[in-house]
Amino acid sequence: MNPIFADLPTTVFEVMSQLARETGAVNLGQGFPDDPGPLDVRERAAQAVIEGWNQYPPMMGLPELRTAIAAHYRHWQGLELQAETEVMVTSGATEALAGALMALIEPGDEVVLFEPMYDAYLPLVRRAGGVPRFVTLQPPEFRLTEEALARAFSDRTRVVLFNNPLNPTGTVYGEDQLALLAEFCIRHDAVALCDEVWEHVVFDRRRHRPLMALPGMRERTIKIGSAGKIFNLTGWKVGFVGASAPLMRVLAKAHQFLTFTTPPNLQAAVAYGLAKDDAYFETLRADLQRSRDRFADGLSTLGLTVIPSQGTYFLNIDIAPLGETDDAAFCRRLVVDHGVAAIPVSAFYATQGVRTVVRFCFAKRDATLDAALERLAGVV
Ligand code: PMP
Ligand code: GLN
């Protein structure tokens, strides 16, 4: 067996969901919504299956979807992407990430990672032969600093893997922070692999700002999105990539041998969904913001220390004020003794960085959130 993969732990999402199933806990761990997704988008997928959209679609994605992605980003983010040469459909953001790292990294190349980082990043970087260089972000603001970036970048930096809005913290990085990062990417001639799957889930009237839109970044940024987050359809695994044509040609080489395509019926439905009017996207945010506020208020009322969430459907608490020093042990107790599954944020750190933050998914019905709060009352 290959020792690199054999040594990998099981992903924390699977571990916690399994524990939740075994114990009958309220599962606020793994991030998936209660909402079943828009009925018309699901109907469009069903109709596409019946109409016969079931054979291999073009390798780069259905033309309808690539055009819809380009139009969607033009409308929402002011980006000009050429559907034919600068947009590709992948099987989830995960495939886009894996393919990009496979395509760009030569063994020994350095990859700058920001921890806490989504749990797939580090295994993929290592598997591609990349050498991780960490920027350790600290609660409650998880800000990028010039000093930390200067320590992580070097003349061997090939790729910077950045996630905005940031899962698990809910941080939304704005213009000044993005400009700082862009400056380092340009100075070190690095490619920015920017995971923006949460781009539509930003709160309090924020607007997502794509890293690609910053001066000097258009040619060196790979932008990744996912229909899973936009339509509350996490199992669909329809992802998209935007990049300049020369970068896209390289990414497509990896994609052709990874999955080659993504189910065409789902692609047709996502193309339909991306063209929805603004009200759909505003309602998506407003509904999630209301759930965030309800859950945050409930946690605060219990005396827990809530770290503000500006985007994503995750909310974190700091357990240090409870005298806790080990978030993994805390989460085990939480699920076994109190019946609530959550995610220890230390699972998103490779270094010993931070060990007292716990993540909850609040994309749930009020009754589910209230049941969790009732159980959490026993913890404080
Ligand atoms: N990146 C981040 C930051 C995520 O939160 C997720 C899903 N939660 C993914 C990638 C994976 O997206 P997909 O399901 O489209 O592969
Ligand atoms: N992205 C989801 C989360 O952050 C989980 C995805 C998965 O289970 N791999 O919870």
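Values in this text are rule-based calculations from the coordinates and carry no lab data. The structure displayed is predicted, hence computed values, not measured ones. No Cβ is skipped: glycine too gets one built from the backbone with ideal geometry, and neighbour counts run over all protein chains shown.
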Stretched out fully, how many nm does the piece from Val380 to Asp35 gain, at 0.36 nm a residue minus the Cα gap?
121.2 nm
Extension gain from Ala350 to Arg187, taking 0.36 nm per residue of separation minus the Cα-Cα distance
56.1 nm
Other residues with Cβ under 11 Å from the Cβ of Asp35 give, with Lys and Arg +1 and Asp and Glu -1, a net charge of 0
³J(HN,Hα) across region 364-371 via Karplus (A = 6.51, B = -1.76, C = 1.60, θ = phi - 60°), whole Hz, x for Gly/Pro?
9, 4, 3, 4, 5, 5, 5, 5
Connecting every pair of Cα atoms under 10 Å apart in the chain and solving the GNM, the largest mean-square fluctuation among Ser154, Ser300, Ser291 falls on Ser300
Simple SL model, points at 7 angstrom along Cα→Cβ for Arg74 and Glu146; separation in nm is 3.9 nm
Taking amide H positions as placed in the peptide plane 1.01 Å from N, state which residues far from Val112 in sequence (5 or more) or on other chains have amide H under 5 Å from it.
Arg133, Arg158, Val159, Val160, Leu161
Place a +1 charge on the Cβ of each Lys and Arg in the chain and a -1 charge on the Cβ of each Asp and Glu, then give the dipole magnitude about the Cα centre in debye, rounded to the nearest 20.
360 debye
Amide H neighbours of Thr171 under 5 Å, at least 5 residues apart or on other chains, H built in the peptide plane: list them.
Leu166, Gln310
Computed FRET value (nearest 0.05) for Arg206 with Leu322, which takes r as the C-beta separation and R₀ as 25 Å:
0.25
Exposed loop sites here are trypsin sites (Lys or Arg not before Pro) in DSSP loop states with at most 11 other C-beta atoms within 10 Å. What is the longest stretch of the chain lacking them?
1-204
Inter-probe distance in nm under a simple model that places probes 7 Å from Cα toward Cβ, at Ala279 and Glu43:
1.5 nm
At a threshold of 8 angstrom on Cα-Cα distance, excluding pairs fewer than six apart, so keeping six or more, what relative contact order does region 68-136 reach in percent?
27 percent
Tell me, what does the Kirkwood hydrodynamic radius of the chain come to in angstroms if you use every pair of distinct C-alpha atoms?
21.3 Å
For the chain, averaging the sequence separation of alpha carbon pairs under 8 Å that lie six or more residues apart and dividing by its residue count, the contact order in percent is 25 percent
Just from its helices, what would the mean residue ellipticity at 222 nm be for the chain, if runs of 4 or more DSSP H residues each count -39500 (n - 2.57) and the sum is divided by every residue, rounded to the nearest 500 deg cm²/dmol?
-13000 deg cm²/dmol
